[in-house]
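Since the structure comes first, as C-alpha cells, the remarks are kept for the end.
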Amino acid sequence: MPRGVLAWHFRPSHKDPSAGCIDVHAAHPHSDRADACVPNPPDERKRIVSSSTDAQPISIAQSTPLNSPSEVIAASLVGTTVEFYDFYVYATAAVLVFPRLFFPAANHTAALLASFAVFGAAMIARPVGAVFYGHMGDRRGRKATLVASLLTMGIATFCVGLLPTYGQVGLFAPLLLLLLRLTQGFALGGEWSGAALVATENAPSNRRALYGTFPQLGAPIGFIIANGLFLTINYSLPHPNGSAMQSDAFLSWGWRIPFLFSSVMVVIGLWVRSRLAESETFSQARSHGAIVRIPLADTVRHHMRAVVLGTFAMLATYVLFYLMTTFSLTYGTASSDADPAGLGIGYTDFVLMQIIGVVFFGLFTVLSGPLADSMGRRRLLLIVTAVIVVFALMFPLFLNGSGSGAFSGAMAQAFLVIGFTLMGFTFGPMGALLPEMFPTNVRYTGSAIAYNVSSILGAALAPIIATALWSAAGGSTWMVGVYLAVSAALTLVALIFTRETKDLDYNGDLGLEARK
C-alpha cells in the first residue's frame, strides 16, 4: 500500500466503549482483514493520534449520537418554552392583575412595587433550585432532572390559577402567591442549565453555539404564547374599559386561564423529555469515575472563578431582558398624566408592539449561534455588550413621551425592536458559553449557579430598581438607561477576563484534572 494512503479510524468497542478498537475496514476496505477490529487500549489510541508522519490527517470516527437532532431540539426547546411561558404569564399578571387583586393599596406605585417584590422573590429561590437540581443533574443524569424541574414548575403555575384573592381570604392570598412564586423560581433554577446541557452535549463540536440557541428560543416563543393568550382572552371577554383590560369578567376569572392552560403544555413537555436518552457525555463521565459526591463543593473548590465570571457575563442580558418585558410594559401602559408618567399606550396595543419586538428577539437568537461558532462566543458578546451600553444611554431619545401619539408610538416600537434584537444577540450565545466554562462532572451545577445568581443581581432587582428610578426621575427614563449601562459595563469587565471556549474539548473534559 502506498505511503500516505492509510488512515486509521477509531470506533468504540462493544465490550468496552472506553477502550475501542482500530477498524481496519474503515481505513482500507480492500484489505484482507477488512472485517477485523484490533483491540486498542486508550494509551495506544493516543499514540496513533499523535503520530502522523507521512500520513494523511488521522480521522477519529464519532459514535452515532444517542439522540437525533430533532429529539435534542424538541427536548431543549419545549421545556424552556413551557418554563418561560409560566414566567411571562406571571410577569403580565404582576402588572395587570395582582396589584389590584392581591396587593390592594391606596397608592398604585406601592401596590405595583409589592407585586414586583413577589415577582423578584422567585429569583432568590432560583439559586437554591440551581444547587438542588444541579446536584441531581451531575449525580443522577440530565434526563430525570429535567423531567422533575418541569413537573414542579407546571404544578406551581397551575395552582396560581386556583388561588383565592385578597378580598376572599385577606393576607393569606399574597402569602400563598409568594409560596407558589418561590416554587416557580426553585423549579426554573434547574431548568435552563439542564436544557442547555442536553443541547450542547449532543451537538457537533463545531455547532455547539447553534445547538445552544435551541433552549434560548424558549424565551421568545414562551413570551408570544403567553401574551398572545392574554390578548385572546382580552378580545373574547366583555371589555367595557377598552384596552385597559380591567373588565369584571377578566378580573374575576379570565386572568386564571393562562395559568391553568400551562398544564397542557407541561404534559407535552414531559412526554417529549421522557423519550430522551441520557447524555452520552454524562455517561462517559460516570463510566470513568468522574462523578463527584457533592458537585456544589467541587464547584466552589475548583471552579469559583468561572462561577463569578459567568454570573457577571450574564448580568447585562438579565437586566436588558426584564427592562424590555416587564418594565417596558409598565412604562408603556402608564397614563401620560400619572405620577410617574408613562406613554399612555393601551395594553393591547403595547403588547402587540412587544410581540413584534420579540419576533426580532427570536430571529437574532438563532442567527447568533452560527456567528458565535465562527467568530467565538467572547468576541461576539464583547461587541454586543458595548452596543448595549450605547443603546442604554439613548433611552430618553426613544421614551421621552413628547410629541404626537403616533410619533411616540413609533419611537417606542423602534426602542422595542432594537432592544429585543440586542437581546437575541446577547442571550443566544449564553446557551453555549456558560456550560462550556465547566467540566462535565460539575457542568450542571456550575452553569446553573452562575445563571441563577445572576438572576438575583439582574432579574430580581431590575423591575424594582427601574420602577424606583423612573419615579425618582419624575417619569423620565434616563436613570433607567444609566442602570442598564452600568450593568453592561460590569458584563464587559467579566467578558474581558473570560477565556474563549469555542475550540475547547467539551465532551472530553470530564473534570478529572481539577481533582488531581
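The values are calculated or read from the model by the stated rules, or taken from the named source; none is laboratory data. Just so it is clear, the structure is predicted and the values come from calculations on it, not from any experiment. Here Cβ is always computed from backbone atoms with ideal geometry, including for glycine, and neighbour counts include all displayed protein chains. All accessible areas refer to the heavy atoms of the entire protein, side chains included, with ligands and DNA or RNA removed. Shrake-Rupley method; radii C 1.70, N 1.55, O 1.52, S 1.80 Å.
Summary table below
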quantity	calculated
Yes/no for Ala468 being open to solvent by less than 40 Å² (accessible area, probe 1.4 Å), touching a residue at least 12 places away in the same chain (Cβ under 8 Å) and of a type in the set (A, V, I, L, M)	no
1 or more residues within 23 Å of Gly446 (Cα to Cα): qualifying helices (runs of 4 or more DSSP H) within segment 65-161	69-96, 108-139, 142-160
Residue selected from segment 494-516 under the condition in a helix (DSSP H, G or I) and not charged (D, E, K, R), by the criterion modelled with the lowest pLDDT	Ala514
Criterion: assigned to a loop (DSSP other than H, G, I, E, B) and crowded, with 17+ Cβ neighbours inside 10 Å - qualifying residue of Ala203, Ala199	Ala203
Breaking point among (1) surrounded by fewer than 24 Cβ atoms within 10 Å (Cβ to Cβ); (2) modelled with pLDDT under 90, for Arg256	(2)
Only one of Thr365, Thr348, Thr333 that is at pLDDT 95 or above and in contact with a Leu (Cβ under 8 Å, 6 or more places away or on another chain)	Thr365
Residue check, Asp337 open to solvent by 40 Å² or more (accessible area, probe 1.4 Å), charged (D, E, K, R) and touching a residue at least 24 places away in the same chain (Cβ under 8 Å)	no
Qualifying residue in segment 411-421 (condition: touching a helix residue (DSSP H, G or I) at 6+ places or on another chain (Cβ under 7 Å) and either under 19 Å from Ala209 (Cβ atoms) or basic (Lys, Arg) (or both))	yes
Options Thr92, Thr152; residue that is of a type in the set (Val, Ile, Thr) and either under 28 Å from Ile465 (Cβ atoms) or under 17 Å from the mean Cα position of the chain (by Cα) (or both)	Thr92
Residue match in segment 173-193 (condition: open to solvent by 10 Å² or more (accessible area, probe 1.4 Å), touching a Pro at 6+ places or on another chain (Cβ under 8 Å) and closer than 21 Å to Phe282 by Cβ)	no
Residue ranges of helices (runs of 4 or more DSSP H) in segment 277-321 with at least 3 members farther than 30 Å from Val390 by Cβ	280-287, 295-302
Identity of the residue in segment 437-476, assigned to a helix (DSSP H, G or I) and aromatic (Phe, Trp, Tyr), that ends up farthest from Ala392 (Cα to Cα)	Tyr444
Test: residue in segment 301-324 that is within 30 Å of Ala94 (Cβ to Cβ), modelled with pLDDT of 85 or more and of a type in the set (Lys, Arg)	no
Positions within segment 423-465 being surrounded by 24 or more Cβ atoms within 10 Å (Cβ to Cβ) and of a type in the set (A, V, I, L, M), in sequence order	Met423, Met430, Ala432, Leu433, Leu434, Val442, Ala448, Ile449, Ala450, Ala459, Ala460, Ala462
Residue within segment 457-480 that is out of contact with any helix residue (DSSP H, G or I) (no Cβ under 8 Å at 6 or more places or on another chain), within 12 Å of Val319 (Cβ to Cβ), of a type in the set (A, V, I, L, M, F, W, C) and at pLDDT 90 or above present	no
Given (1) farther than 14 Å from Tyr318 by Cβ; (2) polar (S, T, N, Q); (3) in a helix (DSSP H, G or I), number of the condition Thr491 does not satisfy	(1)
Looking only at segment 156-171, and only at residues there that are β-branched (Val, Ile, Thr) and touching a residue at least 60 places away in the same chain (Cβ under 8 Å), the one that is farthest from Ala187 (Cα to Cα)	Thr165
Residues located in segment 100-123, provided they are farther than 12 Å from Arg181 by Cα, free of Cβ contacts under 8 Å to residues at least 24 places away in the same chain and open to solvent by less than 10 Å² (accessible area, probe 1.4 Å)	Ala111
Residue check for Ser487: surrounded by fewer than 20 Cβ atoms within 10 Å (Cβ to Cβ) and within 22 Å of Ser328 (Cα to Cα)	no
Out of Gly137, Gly161, Gly170, sole residue that is among the small types (Gly, Ala, Ser) and within 19 Å of Tyr451 (Cα to Cα)	Gly137
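Listed here are the residues, each with its yes/no results for (1) under 20 Å from Ala285 (Cβ atoms); (2) touching a Ser or Thr at 6+ places or on another chain (Cβ under 7 Å); (3) surrounded by fewer than 17 Cβ atoms within 10 Å (Cβ to Cβ).
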residue	(1), (2), (3)
Ala125	no, no, no
His135	yes, yes, no
Arg139	yes, no, no
Leu146	yes, no, no
Ser149	no, no, no
Met153	no, no, no
Thr157	no, yes, no
Leu162	no, no, yes
